[in-house]
Structures are given as structure tokens and as C-alpha cells.
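Undergrad: Please read through the structure below; I'll follow up with questions.
The values are calculated or read from the model by the stated rules, or taken from the named source; none is laboratory data. Model, not experiment: these values are computed from the prediction. No Cβ is skipped: glycine too gets one built from the backbone with ideal geometry, and neighbour counts run over all protein chains shown.
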Amino acid sequence: MAKYILSVLLTALALSGNAQAYLNPGVDTSNIDVQKALRFYNAYIQDFNGGKMPNFSKYWSADELKRFKIPDQQVFAINQSPLYAQSYKTTILYAKPLEKCIHLKTQFSAVNDGAGNIMTLAITNHYVDLSNKNAPYFINPFTKNLLAWKQKQVRNVKFFYQPQHKFNMQKADSLIHQIIALEKLWGLQPIDIRYYMADSWDELQRIRGFDFALTMGNPNKPQGISDDIDDLVFCAGLGENYFHEVVHVYLNRRYPKSPLREGLAVFLGGSAGRELNWQLKRVNDYLEQHPQTDLNDFEDFWYSDLYTNPESVIKGMICHIVYAKDGMEGLKRLMSYTSLKEIFKVELQVENDQWNSYLRTKIREYSKLKISRFTL
Ligand SMILES: [Zn+2]
């Protein structure tokens, strides 16, 4: 299932252009404000054609643009490509006049198989304010939903959390301690980060505006994403100390072309709330049970179960291997490569067709290490 989703996503990415959003039967368009809101929304969605970001000031208020470069938190629903640019079937489920705006609920989907079954990527909510006749704009559900949340600033991190959450200063201090160490190691200035945390991933997605987005609805587990355009971290299940996503905010911009950005975050901050060696043990067990798995294509091996992404874990291990050999200098050098082939050849001295046997040996070896994560 998961692999299929990836292939569908990639196929969809190769397409370009959005058709006009389809109106689900029953959507009443007789209201003139609904018609205006639909025109405005369709123009916005189509402005993402080709994957480029639109001029957000055409659609969002000055206040929102002061807060965010990309105010719409539903743009990156499932991966780093804008949801609206991926040629999914765009179905407006309803267009409801509210007191001050029109509420548009949209389903983004794709035909999943020969039987015509539908795969749903996301169900989004947008609110169009028409009170300024010449210039409608979106009201941001994210900003509205956050009004009920609490905030706390600790050094360069502003934490946002649900009112019932008891803020854990010890965990926040631990995060800051690691951030300071990271800044020193890389010679970086503090970055002002907005850090949104909740007990569950579904709750985080809800406050961003979604009724549904792929990955919602599974058992709760530590899960996060980061946005290094607006310096945001969203994380569930680990409270105030989700360092992995903070690493992305600091270092993704430093190594924009490295194939190991995820590996570096795993090496420094673990994966899904677990240390690298916990994850490596799981990958090792899986590989022993599945001798046919070919790690020459390990970048296609990104799902073994809900808690482990073998591709990320293996990339984290590569960071550890080079760090064990050459320390920080080696780790920084490793991040400057732009291709995995080169990394294997030059840094690991492994030829193209030998990745499987090399990685299996190293995974077995590194999964047995007691400390398998760099400690800041
Ligand atoms: Zn990551």
C-alpha cells in the first residue's frame, strides 16, 4: 500500500497543471458570494501550476503575510511539493456561506486502481472573506485555531501548545541545550523557531486546517515535520524535545543538495522518537527475515512498519560511520556531497553493485553498538 502510494505520488508529480476544481453534486452556487469565493479559490489553486509558489499577497491579508511567508498551512499536506500543484482530482465538497465568509471544503484525490477506487490525499478547509468587495482574502484557520493555544518563549524557541498541556521546562531546557551545542558545532546563529506540539498528530493536522491528510488516523506515535521557509516545527508525541525537526530547520539550508539531510537529522536527533540503534535493530531484524530485500536500491525501502523508515535509518547510519572515522570534520565533509553514488565510492569505498552486502554487514554491526547516536 505504502509503496503504491509513493508511485502514484511520483506519477502525479510528473504531470502538470490543474483543471478547474470539480463541484460535488449538491453544492449550491446560486448565491453570488459563493460564486465569487469559488472564482477566487480556483484562481488561487491554479496559481500553483507548475509547482511554483504564487504571489501570496494576492490572496492573504497583510497580517497573515507578516506572520508567515507561506500562510496556508495546507500547502504541504503530504510531502514537500504543494498539494495544489500535483494534479490531483480537486473536488469542492461544499461551499457554505457563514456570517463573515464562505467556507470551502475540498477533497484532493486520485484514482487508485483499475477498479476506479479513489485514494484521498487530503480534505482541506479554506475560508474566503468577501467583506472588501475589490479584494477578497483568505481567513487562516491555523491562526484562528491557535487563539485557544498557549505560548511560551524559551531562548529562541516559541512553544505553542494545547491549553490542557502542562509545560515541561525540563524537556524544553534539554532541547535548548542541544540547540546551543548544535550552533557551536556548526558556527551558527540562533534561529527563531515556532514550535507547535500536541499529543497526537491528528490534532496538529486539524489545527493546520485539515479534516484529513494522508498519515492521519493511525495509532499515535512520535511524528513531526519542519518548515525551513518559515522556521516552523510541528511535532506530536515527544513534547518539548523533538530535536530531530529542529536539526532540519538549522541544517537543511546549509546542505540544500545533500542526499543525507534526513540521515543527519536521524543521527543527531533519532527517528520517530527512538535512538538510531533502536531503529537499526528493527531494520536488522527485518532484513534477517527478508533476505530477498535488495539494499542496492535502499532509497526505495522507506517503509517496513509504522515506526521505522529503513531508508532514513540507513542514511543516519552512514553519517555515524563517517563520524566514527573522521569526527565532525568527516561529518561536515560528508554533507557536502550531492550524490549517494559518490558518497559510497569516495567515503565508504564501496562499488555500486556492493551496497547490499556492505549495508547488511554494517547494519548488523551498528545495531549492536550500545551508543549509536551522536550525543550533543
Ligand atoms: Zn526528518
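Undergrad: Go through Tyr161, Tyr127 for me and flag whichever is free of Cβ contacts under 8 Å to residues at least 60 places away in the same chain and in contact with a Cys (Cβ under 8 Å, 6 or more places away or on another chain).
TA: Tyr127
Undergrad: Quickly run through the stretch 194-209 and pick out the residues that are among the hydrophobic types (A, V, I, L, M, F, W, C), away from the ligand (no atom under 15 Å from the Cβ) and more than 16 Å from Ile176 (Cα to Cα). Give the steps one after another, and end with the answer.
TA: Filtering the stretch 194-209 down to residues among the hydrophobic types (A, V, I, L, M, F, W, C) leaves 197-198, 201, 204, 207.
With the extra rule that they be away from the ligand (no atom under 15 Å from the Cβ), the set shrinks to 197-198, 204, 207.
Selection gives Ala198, Leu204, Ile207.
Undergrad: Within the set of pairs 6 or more residues apart or between chains, which connect a residue that is within 12 Å of Leu104 (Cβ to Cβ) and surrounded by 13 or more Cβ atoms within 10 Å (Cβ to Cβ) inside the stretch 30-44 to a residue that is among the aromatic types (Phe, Trp, Tyr) and modelled with pLDDT of 95 or more with Cβ atoms less than 8 Å apart?
TA: Cβ pairs passing all conditions: Phe40/Tyr59; Tyr44/Tyr59; Tyr44/Phe138.
Undergrad: Enumerate the pairs (first residue in the stretch 309-327 and within 13 Å of Leu369 (Cβ to Cβ); second residue anywhere and within 13 Å of the ligand (Cβ to nearest atom) and assigned to a helix (DSSP H, G or I)) with beta-carbon separation below 6 Å, excluding pairs fewer than 6 apart on the same chain, so at least 6 apart or on different chains.
TA: Matching pairs, first to second residue: Gly316/Gly263; Gly316/Val266; Gly316/Phe267; Gly316/Leu276; His320/Phe267.
Undergrad: Hey, another quick one. Among the residues that make up the stretch 208-224, is at least one of them in a loop (DSSP other than H, G, I, E, B) and free of Cβ contacts under 8 Å to residues at least 12 places away in the same chain?
TA: No, the conditions are met nowhere in the stretch 208-224.
Undergrad: Which residue is modelled with the highest pLDDT, if the candidates are limited to the stretch 285-306 and must be of a type outside the set (A, V, I, L, M, F, W, C), surrounded by 16 or more Cβ atoms within 10 Å (Cβ to Cβ) and within 26 Å of the chain's Cα centre (by Cα)?
TA: Pass one, the stretch 285-306, residues of a type outside the set (A, V, I, L, M, F, W, C): 285-286, 288-294, 296-297, 299-300, 303-305.
Next cut, surrounded by 16 or more Cβ atoms within 10 Å (Cβ to Cβ) only: 286, 293, 304.
Okay, now just the ones that are also within 26 Å of the chain's Cα centre (by Cα), so 286, 304.
Numbers: Tyr286: 92, Ser304: 69.
So the residue we want is Tyr286.
Undergrad: Hey, another quick one. Against the definition (assigned to a helix (DSSP H, G or I), β-branched (Val, Ile, Thr) and within 14 Å of the ligand (Cβ to nearest atom)), how does Val322 come out, yes or no?
TA: Numbers: assigned to a helix (DSSP H, G or I): yes; β-branched (Val, Ile, Thr): yes; within 14 Å of the ligand (Cβ to nearest atom): no.
In short, no.
Undergrad: Please verify whether Glu299 is within 13 Å of the ligand (Cβ to nearest atom) and on the phi < 0 side of the Ramachandran plot, treating the condition exactly as stated.
TA: Working: within 13 Å of the ligand (Cβ to nearest atom): no; on the phi < 0 side of the Ramachandran plot: yes.
In short, no.
Undergrad: Tell me yes or no: at least one residue of the stretch 315-338 is charged (D, E, K, R), more than 26 Å from Trp186 (Cα to Cα), surrounded by fewer than 20 Cβ atoms within 10 Å (Cβ to Cβ) and under 27 Å from the mean Cα position of the chain (by Cα). Lay out the reasoning, then the answer.
TA: Within the stretch 315-338, the first condition is being charged (D, E, K, R), and the residues that meet it are 315, 325-326, 329, 332-333.
Those still in the list that are more than 26 Å from Trp186 (Cα to Cα) too: none.
No, there is no match, as no residue in the stretch 315-338 is charged (D, E, K, R), more than 26 Å from Trp186 (Cα to Cα), surrounded by fewer than 20 Cβ atoms within 10 Å (Cβ to Cβ) and under 27 Å from the mean Cα position of the chain (by Cα).
Undergrad: Can you find even one residue in the stretch 91-102 that is touching a helix residue (DSSP H, G or I) at 6+ places or on another chain (Cβ under 7 Å) and in a loop (DSSP other than H, G, I, E, B)?
TA: No: the stretch 91-102 contains no residue that is touching a helix residue (DSSP H, G or I) at 6+ places or on another chain (Cβ under 7 Å) and in a loop (DSSP other than H, G, I, E, B).
Undergrad: If Val249 meets every condition in (1) part of a helix (DSSP H, G or I); (2) in contact with an Asp or Glu (Cβ under 6 Å, 6 or more places away or on another chain); (3) surrounded by fewer than 20 Cβ atoms within 10 Å (Cβ to Cβ) apart from one, which number is that one?
TA: (3)
Undergrad: Then there is this: Go through Ile118, Ile123, Ile78 for me and flag whichever is aliphatic (A, V, I, L, M) and modelled with pLDDT of 95 or more.
TA: Values: Ile118 fails: modelled with pLDDT of 95 or more; Ile78 fails: modelled with pLDDT of 95 or more.
Just a single option satisfies the conditions, and that option is Ile123.
The rows are residues; the columns are (1) more than 15 Å from the chain's Cα centre (by Cα); (2) within 16 Å of the ligand (Cβ to nearest atom); (3) over 13 Å from Phe159 (Cα atoms).
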| site | (1), (2), (3) |
| --- | --- |
| Asp211 | yes, no, yes |
| Leu214 | no, no, yes |
| Ile225 | no, yes, yes |
| Asn241 | yes, yes, no |
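Undergrad: How many residues are away from the ligand (no atom under 14 Å from the Cβ), free of Cβ contacts under 8 Å to residues at least 24 places away in the same chain and within 22 Å of Leu340 (Cβ to Cβ) if we restrict to the stretch 244-289?
TA: 1
Undergrad: I've got another one for you. Just checking: which of the strands (runs of 3 or more DSSP E) contained wholly in the stretch 145-204 hold 1 or more residues that are exposed (fewer than 14 other Cβ atoms within 10 Å of the Cβ)?
TA: On the way: elements: 150-154, 157-161, 193-198.
Per the criteria, 150-154.
Matching residues to (1) under 24 Å from Lys221 (Cα atoms); (2) in contact with a helix residue (DSSP H, G or I) (Cβ under 6 Å, 6 or more places away or on another chain); (3) of a type in the set (Phe, Trp, Tyr):
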site: Asp297; (1), (2), (3): no, no, no
site: Ser312; (1), (2), (3): yes, yes, no
site: His320; (1), (2), (3): no, yes, no
site: Asp326; (1), (2), (3): no, no, no
site: Glu329; (1), (2), (3): no, no, no
site: Ser336; (1), (2), (3): no, no, no
site: Asp353; (1), (2), (3): no, no, no
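Undergrad: I've got another one for you. In the stretch 252-284, how many are charged (D, E, K, R) and either within 17 Å of the chain's Cα centre (by Cα) or part of a loop (DSSP other than H, G, I, E, B) (or both)?
TA: Restricting attention to the stretch 252-284, the residues satisfying the condition of being charged (D, E, K, R) are 253-254, 257, 261-262, 274-275, 281-282.
Filter again for either within 17 Å of the chain's Cα centre (by Cα) or part of a loop (DSSP other than H, G, I, E, B) (or both), leaving 253-254, 257, 261-262, 275.
Going through the stretch 252-284 one residue at a time, the tally reaches 6.
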